[in-house]
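The structure appears right after this line, and notes come after that.
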Amino acid sequence: MYNQSGNFMQEQDLLKTILADLRRTSREYTTATTESSCPMVRSMFNDLTNDTLRLQGELFNLMQQNNMYSASAKAPRQDVDKQIQSAHQAQQKCQQFVQEKNAQNNSYSQIPNVSPRQPNYGNPYYM
């Protein structure tokens, strides 16, 4: 279980484990954020998600600088742009659907409990 230098794990293996845990944690916080109906709880999970993504990005960069982790090949910009455009279209369709349903049920509609967010394109901590 312990390696020859007396450490529990090789440093690289330990950092990869921590990196994987940060990825998992950010997914869990994101799920909690999307399922929160209380604005304060939603905000808290959103902050936790952002902090976790920041830590994940910092650890990834540290590992990459020390040749402990190599990123996969870069995606062609055209493919990324196509995915972004597709996501925008899906978002617009969803917003139209919600607006139509709210208009139909105007007497039963509620004011949203959170303000709309701006997209995080170009954030270096989203890997």
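The values are calculated or read from the model by the stated rules, or taken from the named source; none is laboratory data. This is a predicted model, so every value here is computed, not measured. For neighbour counting, all protein chains shown are included, and Cβ atoms are generated from backbone atoms with ideal geometry for every residue, glycine included. These accessible areas exclude ligands, DNA and RNA; they are computed on the full protein's heavy atoms, side chains included. Shrake-Rupley method; radii C 1.70, N 1.55, O 1.52, S 1.80 Å.
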Each residue of region 18-30 in turn: what ³J(HN,Hα) in whole Hz from Karplus with 6.51, -1.76, 1.60 and θ = phi - 60°, glycine and Pro shown as x? 5, 4, 5, 5, 5, 4, 4, 4, 5, 5, 5, 5, 4
Given H placed on each backbone N at 1.01 Å, which residues far from Tyr69 in sequence or on other chains put an amide H within less than 5 Å of it? Gln64
HN-Hα J in Hz across region 78-91 - Karplus 6.51, -1.76, 1.60, θ = phi - 60°, x for Gly and Pro: 4, 5, 5, 4, 5, 5, 5, 4, 5, 5, 4, 5, 5, 5
Rounded to the nearest 10 Å², what accessible area does Phe97 have for a 1.4 Å probe in the complete protein model? 110
To the nearest 10 square angstrom, how much accessible area does Cys94 have with a 1.4 angstrom probe? 80
Rounded accessible area of Thr34 (nearest 10 Å², 1.4 Å probe): 90
Please work out the FRET efficiency for the pair Glu58 and Ala90, using the Cβ-Cβ distance as r and a Förster radius of 41 Å; give the result to the nearest 0.05. 0.85
When every protein chain stays in place and a 1.4 Å probe is rolled, Lys82, Lys74 sorted by accessible area with the largest first are Lys74, Lys82
